[in-house]
Amino acid sequence: MQYVAMLRQKYVAHLLGSSIVGRLPNGMAPIAIAIHLRQQQAGYAVAGLFTAIYALSTAAGSPLLGRLVDRFGQPIVMLISAAGSAIGFFAAAFLPVDDYLLLGASVVLAGALTPPLEACLRSLWADILPKEQLEAGYALDSSTQQVIFISGPLLVAGGIAVAPSEYVVLATGLFGLIGVVVFCLAPPAWRWRPVHAERHWLGPLRSPLLTVVLVCNCGVGAAMGAFSILAVAYSEHVSLPTMNGVLLSANAVGAMIGGIVYGARVWKSRDSKRLLVLLGTLAALYLPLMLTPGAIAMTVLAFIGGLFLAPALTCSYVLVGRICPPGTVTEAFAWLVTIFLVGNAAGAATAGAAVSSLPINLSFGAMALFALIGFAIYVVGLRLIGPESSSTPTESEQSTAR
């Protein structure tokens, strides 16, 4: 099997495993911060505010850190940012919750300096995997990412059960720091060198097709953000308090399985055309959720809806890595993370408004609508720009040639 052969490649398991540990704060921090503030008698509005500040800080810091990696290399940027983020978590854990200014600064520090592990790992795949296994690497990456969002909340829940909430917040930062240290011990990370190329203030965003890919993934992120709210609303609709977790887990498992199956095949079709099919199918599979059937059927629909999520993300990674201008690969992948997070926040906010004013079945239409908008943007962009937008060798191509 292709994955067995890939995992036998030197350093693959090391880099993938350490990146999962280092990215656990992505799944832990929003919940850990909210629970900690609530246990310190802060209101829901305050907890929501600081959770949003953390998410926005993470989104804002990612492209900047990616650009620094493209200029100075991975270890120095990753280690400094991981240490800074851990300090931010430490401060957020032990500062008085009524000192909003200092608490806000610590949360911004923890979020903005989140190490760009996702982007760094994806920029390394072309160096450590044969070209025919590259898409399988991205697929395994996007599939195992679901582990973060399943295990992260469970780690927080388990930690809260045995320790004060401030130690859970502190542990969140320590997971990130430990993961980065182990990641940077791998020779490919400290041997990786940025491609020296002409710099532009727009960085990777000067590629029209790459910008289209980013914007359409904002629609995918918005669909996921909407689902996190809609799952809670459905849980209340059927009077089953645990159904929101069941639906989110079913969707994540579907994404994991879909990504693994997708990556097990070596695709011959062009990635830009393949993404068109994947985005369209993803949007179509969200439409049946508007039926809002009983709990078991809804769980099945959530699972099916997730099947094309990881493949669409995987194909996006391949396309971004191929078309990004030379010297911008890490920043390009970081922008993909940021755009997804921005879409996620917008989708959650929109779904919340929809649930407040529309029936539950029509509210689920927001999820499908966001995915359809992303698909439509990609269709129009591909038609206007064409499947290729750069005639110069990309950084991934140069890495593969080395």
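Quick note: the coordinates plus some simple rules give every number you see, no bench work behind them. Only a predicted model underlies this, so the values are computations on that prediction, with no experimental measurement involved. Using ideal geometry, Cβ is built from the backbone for each residue, glycine included, and neighbour counts are taken over all protein chains shown.
Just from its helices, what would the mean residue ellipticity at 222 nm be for the chain, if runs of 4 or more DSSP H residues each count -39500 (n - 2.57) and the sum is divided by every residue, rounded to the nearest 500 deg cm²/dmol?
-26500 deg cm²/dmol
Tally Lys and Arg at +1 and Asp and Glu at -1 over the other residues with C-beta under 12 Å from the C-beta of Thr172: what net charge comes out?
0
Counting Lys and Arg as +1 and Asp and Glu as -1, what is the net charge of the other residues whose Cβ lies under 12 Å from the Cβ of Ala334?
-1
In nanometres, what is the gap between the two model label sites at Ala163 and Lys273, each 7 Å from Cα along Cα-to-Cβ?
Once both label points are built, they end up 5.3 nm from each other.
Mean Kyte-Doolittle of at least 1.0 plus a Cα span of 20 Å or more along the axis: flag which DSSP H helices in the chain meet both, please.
Membrane-span-like by this rule: 74-94, 134-162, 165-184, 208-237, 243-263, 309-323, 329-357, 365-385.
Local charge sum around Asp271 (other residues, Cβ-Cβ under 10 Å, Lys/Arg +1, Asp/Glu -1)?
Here the charged neighbours net out to +3.
Positive end of the dipole of the stretch 1-143, charges at C-beta (+1 Lys, Arg; -1 Asp, Glu), about the Cα centre: which of Phe94, Ala34, Ser19 has its Cα farthest in that direction?
Positive-most Cα among the choices belongs to Ser19.
Say the dipole of the stretch 1-194 comes from +1 at the beta carbon of Lys and Arg and -1 at that of Asp and Glu; which of Pro63, Phe50, Ala110 then lies farthest toward its positive end?
Working it through, the farthest residue towards the positive pole turns out to be Pro63.
Could you identify which residue out of Gly84, Gly43, Gly221 has the top mean-square fluctuation in a GNM of the chain using Cα springs shorter than 10 Å?
Comparing Gly84, Gly43, Gly221 in the GNM, the peak value goes to Gly43.
Of Phe227, Val266, Thr281, which is farthest towards the positive pole of the stretch 172-283's charge dipole, taken about the Cα centre with +1 and -1 on the beta-carbons of Lys, Arg and Asp, Glu respectively?
Going by the charge dipole, the pick is Val266.
What spacing in nm lies between the two simple spin-label points modelled at Gln41 and Asn361, each 7 Å away from Cα in the Cβ direction?
So the two model labels end up 4.7 nm from each other.
With +1 assigned to the C-beta of every Lys and Arg and -1 to the C-beta of every Asp and Glu, and no other charges, what is the dipole magnitude of the stretch 1-194 about the Cα centre in debye, to the nearest 20?
My answer is approximately 460 debye.
How big is the Kirkwood radius of the stretch 200-402, worked out from every pair of different alpha carbons and given in Å to one decimal?
Result for the stretch 200-402 stands at 17.4 Å.
May I ask for the distance between the Cα centers of the stretch 348-368 and the stretch 211-253, given as a whole number of Å?
11
For the stretch 255-366, give the magnitude of the charge dipole about the Cα centre (Cβ charges: +1 Lys/Arg, -1 Asp/Glu; no others), in debye to the nearest 20.
The dipole of the stretch 255-366 has a size of about 420 debye.
Under the 0.36 nm per residue contour assumption, what length would be gained going from the current alpha-carbon distance of Ser151 and Arg265 to full extension?
Here the answer is 38.3 nm.
What FRET efficiency comes out for the pair Val253/Leu7, r = Cβ-Cβ distance, R0 = 25 Å, nearest 0.05?
0.75
With the Cα gyration tensor of the chain in hand, convert its eigenvalues to equivalent ellipsoid semi-axes via √(5λ) and list them largest first in whole Å.
31, 27, 19
Assigning unit charges at the beta carbon (Lys, Arg +1; Asp, Glu -1) and nothing else, what dipole magnitude in debye, to the nearest 20, does the chain show about its Cα centre?
900
If you average the sequence gap of Cα pairs under 8 Å that are 6 or more apart and divide by the length of the chain, what percent do you get for the contact order?
Taking the mean separation of contacting Cα pairs over the length of the chain, I get 26 percent.
Within the stretch 1-86, which trypsin sites (Lys or Arg not before Pro) sit in a loop by DSSP and count at most 16 neighbouring Cβ atoms inside 10 Å?
Passing both the DSSP loop test and the Cβ count: Arg8, Lys10.
So for each of 129-139, 236-246 I average, over its residues, the number of other beta carbons within 10 Å; can you give me the resulting order with the highest mean first?
129-139, 236-246
Obtain the nm distance between the two label points defined at Val380 and Tyr100 by a simple spin-label model: each point lies 7 Å from its Cα along the Cα-to-C-beta direction.
Placing both labels 7 Å beyond Cα along the Cβ direction yields 3.9 nm.
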